[in-house]
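The values are calculated or read from the model by the stated rules, or taken from the named source; none is laboratory data. Since this is a predicted model, take the numbers as computed values, not measurements. Quick reminder, even Gly has a Cβ in these numbers, built from the backbone with ideal geometry, and neighbours come from all protein chains shown. Side chains included, ligands, DNA and RNA excluded: accessible areas come from the protein's heavy atoms. Shrake-Rupley method; radii C 1.70, N 1.55, O 1.52, S 1.80 Å.
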Amino acid sequence: MENLTERYGNWALVTGSSSGIGSEFARLLAAEGFNLVVAARRQHRLDELANQLTATYGIEVRSVSVDLTSPDHLDVISKATSDIEIGLTVLNAGAATPGAFLKQPLDDRTRNIRLNIVAPVELAYHYGEEMARREAGGIIFVASMVGFTGSPYMASYAAAKSYILNFGQALGEELKVNNVDVLVLSPGATRTAMAEHDDVDMGGLPMPWMDAETVARIGLASIGKKPSVITGKRNKLMVFMMTRLMPRRMSYKMFGQMMKRSMVEHLT
């Protein structure tokens with residue numbers, strides 16, 4: 001991995017950094033010498049992470065407790081970073097709630113859309129504008145493998161990640177003229193807290209599972225080199241098969257059958 005601070009500066013922002021892929025991004029960036037702004041809802045988890053990274057790497061860490069579904073989330077984060085230049089932004093925060101669409105409250109669905117689409121778009125606009133003005137910077141969007149195909153029983157999540165996939169790649173093309181790198185990182189099944197659901201056995205899905213550190217490491221190794229990356233050879237092969245070799249209807253059906261087998265009886 002090249003020295004990213006030489007390209008992007010001394011400060012990075014990571015959303016959803018209290019656990020999973022986000023916390024691994026934070027650890028890897030700290031090891032690279034970045035000072036960090038870590039943003040998530042759970043203040044105590046952020047403080048624990050900040051203390052660990054400060055003690056281990058001697059960097060400065062600002063922890064920002066924020067609900068990214070709230071209307072004022074951008075104000076909260078922008079105020080916390082008003083006196084520094086964020087050179088690299090990792091827009092990782094997201095949530096999936098597997099289950100039949102009509103058996104989940106509509107408020108939950110719209111809140112997830114704000115988290116998975118609205119928040120990263122607004123943060124990309126705010127920090128992307130600053131980066132374009134400086135003609136330097138990088139943005140990593142964390143999408144998902146299901147964004148390439150869609151998935152029954154994860155319909156709104158898959159659609160949101162499809163938006164991020166297409167938005168991020170198009171934005172990257174726009175911002176080339178401003179010397180701003182944009183990467184869309186699309187993990188497959190990853191061992192994180194988000195994969196743990198009381199009513200769905202995500203571990204039973206017949207997919208290769210990756211650890212969060214490996215996923216984050218692939219993202220940092222790819223920024224500035226590729227517009228989009230799928231983590232893992234088997235995941236890349238699966239996406240190729242579902243998007244190039246199968247009719248779209250068949251890929252929906254396949255994902256739907258896998259999800260349905262993993263769900264408890266009362267949801268199906």
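Among the residues of region 76-90, is any under 19 Å from residue 215 (Cβ atoms) and at pLDDT below 95? Before you say what the answer is, go through the steps one by one.
We begin by selecting, within region 76-90, every residue under 19 Å from residue 215 (Cβ atoms); these are 88-90.
From what's left, at pLDDT below 95: none.
Looking for residues that are under 19 Å from residue 215 (Cβ atoms) and at pLDDT below 95, one finds none in region 76-90, hence no.
Cβ separations smaller than 9 Å between residues 6+ apart or across chains give the following pairs from region 98-109 residues that are without any contact (Cβ under 8 Å) to a residue 60 or more places away in the chain and closer than 18 Å to residue 255 by Cα to residues that are open to solvent by less than 80 Å² (accessible area, probe 1.4 Å) and not in a loop (DSSP other than H, G, I, E, B): 101/109; 101/155; 101/156. A count restricted to region 170-228 and to residues that are at pLDDT 95 or above, polar (S, T, N, Q) and assigned to a strand (DSSP E or B) stands at 2.
Would you confirm, using the coordinates I've provided, whether residue 124 is aliphatic (A, V, I, L, M), at pLDDT 95 or above and surrounded by fewer than 16 Cβ atoms within 10 Å (Cβ to Cβ)?
Working: aliphatic (A, V, I, L, M): yes; at pLDDT 95 or above: yes; surrounded by fewer than 16 Cβ atoms within 10 Å (Cβ to Cβ): no.
Considered against the rule, which asks whether it is aliphatic (A, V, I, L, M), at pLDDT 95 or above and surrounded by fewer than 16 Cβ atoms within 10 Å (Cβ to Cβ), residue 124 comes out as no.
Taking first residues from region 116-130 that are at positive phi and free of Cβ contacts under 8 Å to residues at least 12 places away in the same chain and partners that are of a type in the set (Gly, Ala, Ser) and open to solvent by 50 Å² or more (accessible area, probe 1.4 Å), no Cβ contact under 8 Å between residues at least 6 apart in sequence or on separate chains turns up. Every test in (1) out of contact with any strand residue (DSSP E or B) (no Cβ under 9 Å at 6 or more places or on another chain); (2) polar (S, T, N, Q); (3) without any contact (Cβ under 8 Å) to a residue 24 or more places away in the chain is passed by residue 3 save one, and that test is (3). Can you report the number of residues in region 229-268 which are in a helix (DSSP H, G or I) and open to solvent by 30 Å² or more (accessible area, probe 1.4 Å)? Result for region 229-268: 21.
Scanning region 149-169 for residues being without any contact (Cβ under 8 Å) to a residue 60 or more places away in the chain and open to solvent by 50 Å² or more (accessible area, probe 1.4 Å) gives a total of 6.
Taken over region 54-73, the criterion of being within 19 Å of residue 44 (Cβ to Cβ), without any contact (Cβ under 8 Å) to a residue 40 or more places away in the chain and not polar (S, T, N, Q) is satisfied by 55, 61, 62, 64, 66, 67.
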